[in-house]
Every structure is written in C-alpha cells, then in structure tokens.
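Q: One structure is given below, represented as structure tokens, and several questions about it will come after.
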Amino acid sequence: MEIFKYLEKYDYEQVVFCQDKQSGLKAIIAIHDTTLGPALGGTRMWTYESEEAAIEDALRLARGMTYKNAAAGLNLGGGKTVIIGDPRKDKNEEMFRAFGRFIQGLNGRYITAEDVGTTVADMDLIHEETDYVTGISPAFGSSGNPSPVTAYGVYRGMKAAAKAAFGTDSLEGKVIAVQGVGNVAYNLCKHLHEEGAQLIVTDINKEAVKRAVEEFGARAVEPDEIYGVDCDIYAPCALGATINDDTIPQLKAKVIAGAANNQLKETRHGDLIHEMGIIYAPDYVINAGGVINVADELYGYNRERAMKKVETIYNNIEKVIEISKRDGIPTYLAADRMAEERIERMRNSRSQFLQNGHHILSRRRTR
Ligand SMILES: NC(=O)c1ccc[n+]([C@@H]2O[C@H](COP(=O)([O-])OP(=O)(O)OC[C@H]3O[C@@H](n4cnc5c(N)ncnc54)[C@H](O)[C@@H]3O)[C@@H](O)[C@H]2O)c1
Ligand SMILES: CC(C)C[C@H](N)C(=O)O
C-alpha cells in the first residue's frame, strides 16, 4: 500500500500507529479532517485479514466520520481507530489504558467512543487515562452506550426514506430485511416490531438471531440469503461494503436504510442502485444518532437536547432525497455535497490568522 498516495487522495491529516507489547495493543488512529473541530469517531476492534486491511478500514471509517459529523451539523471533524484483535479473546485492562494514554498524547485532536467490538466498559478504562473519550458510563454523567440512540435515528431516517418510496412513512406491514442483529439492529428491530413491521433477520451469531426470532417474531435466513429475500426495505446493520456487484442484482427492496458504515463498496454502486430506482438513505446521514448523542457530552450531557438533535435525521434524509430528485443525482452524492459545502463554508469563514500562545512570534525577544 502506498500510504502517502492514499492519504493525499482523500486529504487525510494524520495517522498514528500505537503499539504496546505488554498488553498486545496494536491500534491505528486515523484523523481525516479537523476543519470543523476535533476529530470524533469510535474505536473498532476486529480481527483483520492483514495489517493493510486494518489501515484501509481505519482510513475509510475516519473519512466517513468527517462527512457524518458535518452532515449532522456537529462542530467536529472526523477520525476513527481500529484495534487489531478478537474482541471476545484479546481484550485486557492494560490494553485500553495504554490506548487511552496514546489518545491523551494527541491532546484533544482525536476523541473516541464505541464502535463494533468495543463497549462502555472499554471506554471507562480509556477514561482512566484521558478525558478525550465519550460514551462512558452514565455514572460519570455521561451518555453511556450509543447504540440504542443510533437505532432510534436509523428508525426515524428509515421512515423518511419510506415516505419517499411508498408515499407514507408508516412502516406497519412493511417487510424489512435486517442484516446483522447486534447492538444497533436489536434496538432497531424493537422499534420496527412495535410499529407492526414484518422482520426477516440474519446474523453470523446464532444467539443474536434466536433472540430476534423469539422477541420480534422475525423470520431467520442464512447470511448469504438476506440480499435476495422478498422485502420492501433492506437494512444493512453488520459491516460495510455489502452493496456491491454480487448483491445488487439480488436486491428486491425499494429502500436501503440501515446502520452499517460504508455500505457502498464503491461509489459506482451508489450510481447503480440510483438507476434501479432504489431509495438509498446514505449511511452516514442515517446512522448519526450515536455520534450526535455522545457529542452532547462535550457540552455536559443533556439527553433531551441530544434526542432533539437526533430527530433532525428524519429531515436530513428528506433533504438529501429532495436534492437527489432536484439535481438528478444519487442520494450518496447529494449527501456528500451537503457535508462538503458545510466544511468549505466553515473553512472559509475561519481563514483569518489567529495567534495562539505557542506561536513562534511569541518567543521573540524584544530589546
Ligand atoms: N453502535 C453504534 O452506535 C453505531 C453508530 C453508527 C454506525 N454503526 C455501525 O453499525 C454497524 C453495527 O454496529 P453495532 O454496534 O450494532 O455492532 P455489533 O457488533 O453489535 O453488531 C454487528 C452484528 O453484525 C453481525 N455480522 C457481522 N458480519 C456479518 C455478516 N456477514 N452477516 C450477518 N451478520 C454479520 C455480527 O455478528 C453482529 O451481531 C457497524 O457497521 C457500525 O460501524 C454503529
Ligand atoms: C462516536 C460513535 C458513536 C461512533 C459510531 N460508532 C459511528 O460510527 O458513528
């Protein structure tokens, strides 16, 4: 991998490799863009096929956070961490504390939170070493696990997308295929079940499937069958890149709306589903509930204020679909433009020189 070529292509600011032999920590912190503010993005722990795959994931996810935070109207830039390892076997206290010290070393340029494979308990350990962590226990006056709030945002965004596709935002009687029933999707299924949707679910974790079948009367299918099932809405809620050359020809859904990050394998897949008339709710717009919620901690957490902001996801999805229709462009592109325009507006409005206490001029001696 030609790392600097990649960094230049999407204009990344910084990549930090963190290694701690004693605890086994191998982490990559990617900071994409801090124009809007410090980079906030979660920490993913996953067993990657190679170090290159881990770096690529960190970079793609960090860039996604820049767009997510910008589109959500947050004054935050984008970053993300991946820790290489199996979250079921390789975690230990020293690992997260060592990681916390690496974050502290960045002096606020990067703030972390949960992602796939990490929990509130892990964030609490990080918090032993640094303040630059969110999603810690409510006992600290914090917002706790972001997943239920992410799920609520996805539910609201899905309703907005359904309105554009079916003329009503009611999900009663709609058949919804949910891929992955982990932290976010379990809570999403709860909302959908309560509204009277019919659920088809899959997961590589059989226990997670069993819970959804028992609690929500969902029909279970094998992981590779989910794309082709007869349904109104496909909700990708596992890992990324599931909208690709193999899966698109199988899709019967009229709407794609789910929690997973980086759902499109390549942008051309966004063009393809647009041409097929599928309404795609861009991933980073619909799944911003969690980051909106944890970001509120930076002001002193207030759940009511956070949830009010999460409600804007419905309007943001409507806005993206409107721009897509008006300009005849795919929704992913409409969302990218919305996010990029905000970053550019802020970049321009902050272009004046502001001296800080450590500027070189402040060290000059006057005679
Ligand atoms: N947790 C949040 O608040 C949040 C916020 C925004 C985005 N996301 C994104 O949403 C997605 C889900 O996050 P989560 O926190 O629920 O993670 P999770 O690990 O709790 O759930 C993911 C589930 O997907 C399953 N899975 C993995 N590969 C699969 C496959 N090939 N087929 C079927 N199932 C598979 C896993 O077994 C797991 O149950 C991730 O892409 C994450 O980055 C999460
Ligand atoms: C900050 C976190 C809540 C990040 C979350 N995992 C996301 O992808 O948005």
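The values are calculated or read from the model by the stated rules, or taken from the named source; none is laboratory data. As the structure is a computational prediction, the values presented were derived from the model and not from experiment. Heavy atoms of the whole protein, side chains included, go into the accessibility calculation; ligands, DNA and RNA do not. Shrake-Rupley method; radii C 1.70, N 1.55, O 1.52, S 1.80 Å.
Q: With both partners inside the chain, how many of the DSSP beta bridges are antiparallel, as a percent to the nearest 5?
A: Approximately 35 percent, going by the DSSP bridge assignments.
Q: Ok, one more. If the elastic network links every pair of Cα atoms under 10 Å, which of PHE140, PHE102, PHE216 fluctuates the most in the Gaussian network model of the chain?
A: PHE140
Q: Let me check the size of the chain from its C-alpha atoms; what are the radius of gyration and Dmax in Å?
A: Here Rg and the maximum Cα pair distance are 20.6, 81 Å.
Q: Continuing with this model, one more query. Using a probe of 1.4 angstrom, how much of the accessible area of the range 198-251 is carbon and sulfur, in percent?
A: In the range 198-251, the share of accessible area belonging to carbon and sulfur is 47 percent.
Q: How long is the gain from ASP224 to ARG345 if the chain were fully straight, where each residue apart is worth 0.36 nm and the alpha carbon distance is subtracted?
A: 39.2 nm
Q: Around ILE200, which amide H atoms from residues at least 5 apart in sequence, or from another chain, sit under 5 Å from its own amide H, with H modelled in the peptide plane?
A: Hits under the 5 Å cutoff: ILE176, ALA177, VAL178, ARG219.
Q: For helix 331-349, what angle does its Cα long axis make with the longest principal axis of the chain, in degrees from 0 to 90 and rounded to 10?
A: Between the helix axis and the principal axis of the chain, the angle is about 20 degrees.
Q: Calculate what fraction, in whole %, of the accessible area of the range 1-139 sits on carbon and sulfur atoms when a 1.4 Å probe is rolled over the protein chains. Please list the in-between numbers first.
A: On the way: 2820 of 6020 Å².
Summing carbon and sulfur atoms, their accessible area is 47 percent of the total for the range 1-139.
Q: Given a 1.4 angstrom probe, what's the average accessible area per residue across the range 13-97, in square angstrom?
A: It amounts to 39 Å² per residue over the range 13-97.
Q: Follow-up question, since we're still on this one. Find how much the distance from ASN244 to ASN315 grows on full extension, using 0.36 nm per residue of separation minus their present alpha carbon separation; answer in nm with one decimal.
A: Working: separation 71, 0.36 × 71 = 25.56 nm, distance 2.74 nm.
So the chain would gain 22.8 nm between ASN244 and ASN315.
Q: Tell me, how many Å apart are the Cα centres for the range 129-160 and for the range 231-281?
A: 25 Å
Q: Each residue of the range 10-25 in turn: what ³J(HN,Hα) in whole Hz from Karplus with 6.51, -1.76, 1.60 and θ = phi - 60°, glycine and Pro shown as x?
A: Result, ordered by residue: 10, 6, 6, 8, 7, 10, 10, 9, 10, 10, 9, 4, 4, 8, x, 5 Hz.
Q: Now a separate question. Report the Cα centroid-to-centroid distance between the range 193-212 and the range 2-25 in angstrom, as an integer.
A: Distance between centres, Cα-based: 37 Å.
Q: Compute from the Cα atoms of the range 1-115 the Rg and the Dmax, the latter being the longest Cα-Cα distance, and quote both in angstrom.
A: Both quantities, over Cα of the range 1-115: 13.5, 40 Å.
Q: Compare GLU318, GLU56, GLU344 in a GNM of the chain, Cα atoms joined below 10 Å, and give the one with the largest fluctuation.
A: Highest fluctuation of the listed residues: GLU344.
Q: Using Cα atoms only, what is the angle between the long axis of helix 183-194 and the major principal axis of the chain, expressed in degrees (0 to 90) to the nearest 10?
A: 40 degrees
Q: Seen from all sides and averaged, what is the projected area of the convex hull of the Cα atoms in the range 105-159, in nm²?
A: Directional mean of the projected Cα hull area for the range 105-159 stands at 4.6 nm².
Q: Quick one: angle between helix 206-216 and the longest Cα principal axis of the chain, in degrees between 0 and 90, rounded to 10, please.
A: 60 degrees
Q: For ARG44, enumerate residues with amide H under 5 Å from its amide H, sequence gap 5+ or separate chain, H modeled in the peptide plane.
A: Amide H to amide H, under 5 Å and 5 or more residues apart or across chains, ARG44 pairs with THR81, VAL82, ILE83.
Q: Which whole-number value in Å² is the accessible area per residue of the range 151-234, probe 1.4 Å?
A: Details: 3540 Å² over 84 residues.
Spelled out: the 1.4 Å probe surface of the range 151-234, per residue, equals 42 Å².
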